[in-house]
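The values are calculated or read from the model by the stated rules, or taken from the named source; none is laboratory data. Note that the structure is a prediction, hence the values are computed from the model and not measured. In this analysis, Cβ positions are derived from the backbone assuming ideal geometry, glycine residues included, and neighbour counts consider all displayed protein chains.
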Amino acid sequence: MNKTKTFSMRFSELDFDKIKAKADTSKMDITGYITSASLNKKIVVIDGLDEMIKTLKGIGRNLNQLTTLCNMGKIQCLELSALKKDFGSVFDYLYNLTDRR
């Protein structure tokens, strides 16, 4: 979204520090945090989610490599389609929690 409007605000030192701390905890900048809070948007903080998504991406790459090797006939493998479907569902659920669409 293109931001074209500017709005200046004044805060007490204590209020500013609290808002900044909440924005930092939410991994947002102050503008984004205040906008989300003001518009009653849901602010979700899930510690460790980035590392979990990184790990899931690695597992997904391994699944894709195994599937490719199976399709090429280089290895003999079990049916992986149900596992891949379940993995995709878990990844989608976690990814959607972060609202990174």
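Summary table below
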{"item": "Residue under evaluation LYS5, criteria (1) more than 21 Å from GLY88 (Cβ to Cβ); (2) surrounded by 10 or more Cβ atoms within 10 Å (Cβ to Cβ), criterion not met", "result": "(2)"}
{"item": "Selected residue [among the small types (Gly, Ala, Ser) and within 24 Å of ASP92 (Cβ to Cβ)] from SER38, SER26", "result": "SER26"}
{"item": "Only listed residue being of a type in the set (Gly, Ala, Ser) and within 20 Å of the chain's Cα centre (by Cα), chosen from ALA37, ALA82", "result": "ALA37"}
{"item": "Counted residues, the stretch 55-79 - those being of a type in the set (D, E, K, R), surrounded by fewer than 10 Cβ atoms within 10 Å (Cβ to Cβ) and either at pLDDT 80 or above or closer than 16 Å to TYR93 by Cα (or both)", "result": "1"}
{"item": "Pair list, Cβ under 7 Å, 6 or more apart: the stretch 20-37 residue more than 21 Å from GLY48 (Cβ to Cβ), other residue assigned to a helix (DSSP H, G or I) and of a type in the set (D, E, K, R)", "result": "ILE30/LYS20"}
{"item": "Check on ASP17, over 27 Å from PHE91 (Cβ atoms), surrounded by 10 or more Cβ atoms within 10 Å (Cβ to Cβ) and either without any contact (Cβ under 8 Å) to a residue 60 or more places away in the chain or assigned by TED's automatic domain parsing to the domain that holds GLY88 (or both)", "result": "yes"}
